[in-house]
Amino acid sequence: QVRLVESGGGLVQAGGSLRLSCAASGFTFSNYLMSWYRQAPGKQRELVATITSGSNTNYAESVKGRFTISRDNAKNTVYLQMINLKPEDTAVYLCKVALGLYNYWGQGTRVTVSS
């Protein structure tokens, strides 16, 4: 079955960096667009970044220039490198894949940025 497992979150000071990973299984990873979302307390889930099967990327305006999404098809893993983190980046970060009519989500990894 489809499985997405995020890791790499933690507590970091403002200005710091983290790299999140999302390990995928149960589908042909290299064929699909992968997305990172985040959900802050009391806020709606928002799209952070996407990467196509051809490694074309797109970012939310709020993270452009600070976050980089990438993928390693040999490892079935998508990454989110985050630099210059800000307190407003505090959220649970989730990866997602859409397969046909269905969206599959991981359980998320928590990122907390202290000021």
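The values are calculated or read from the model by the stated rules, or taken from the named source; none is laboratory data. This is a predicted model, so every value here is computed, not measured. Remember, those area values only see protein heavy atoms, side chains included, never the ligands or the DNA or RNA. Shrake-Rupley method; radii C 1.70, N 1.55, O 1.52, S 1.80 Å.
Scanning residues 5 or more positions from Gly106 or on other chains, those with amide H under 5 Å from its amide H are Cys95, with H placed 1.01 Å from N in the peptide plane.
Of the residues Gly15, Gly65, Gly42, the one that moves most in a GNM of the chain with alpha-carbon contacts below 10 Å is Gly42. Hydrodynamic estimate: the Kirkwood radius of the stretch 1-87 over Cα pairs, inserted into Stokes-Einstein at 10 °C and 1.306 mPa s, corresponds to D of 117 µm²/s.
The order of Asp89, Asp72 by accessible area, most exposed first and with a 1.4 Å probe, is Asp72, Asp89. The slack in the chain from Ser7 to Ser30, taken as 0.36 nm per residue of separation less the alpha-carbon distance, amounts to 6.3 nm. Taken one residue at a time, the phi angles of the stretch 5-12 give Karplus couplings (6.51, -1.76, 1.60, θ = phi - 60°) of 10, 8, 7, x, x, x, 9, 9 Hz. Gly and Pro are set to x.
Carbon-plus-sulfur accessible fraction, the chain (probe radius 1.4 Å, protein heavy atoms only): 46%.
Could you give the accessible area per residue of the chain, probe 1.4 Å, as a whole number in Å²? Each step should come with its number before you reach the end.
Working: 6200 Å² over 115 residues.
For the chain, the per-residue accessible area is 54 Å².
Near Lys86, the amide H atoms lying under 5 Å from its own belong to Gly15; only residues 5 or more places off or on other chains count, and H is placed 1.01 Å from N.
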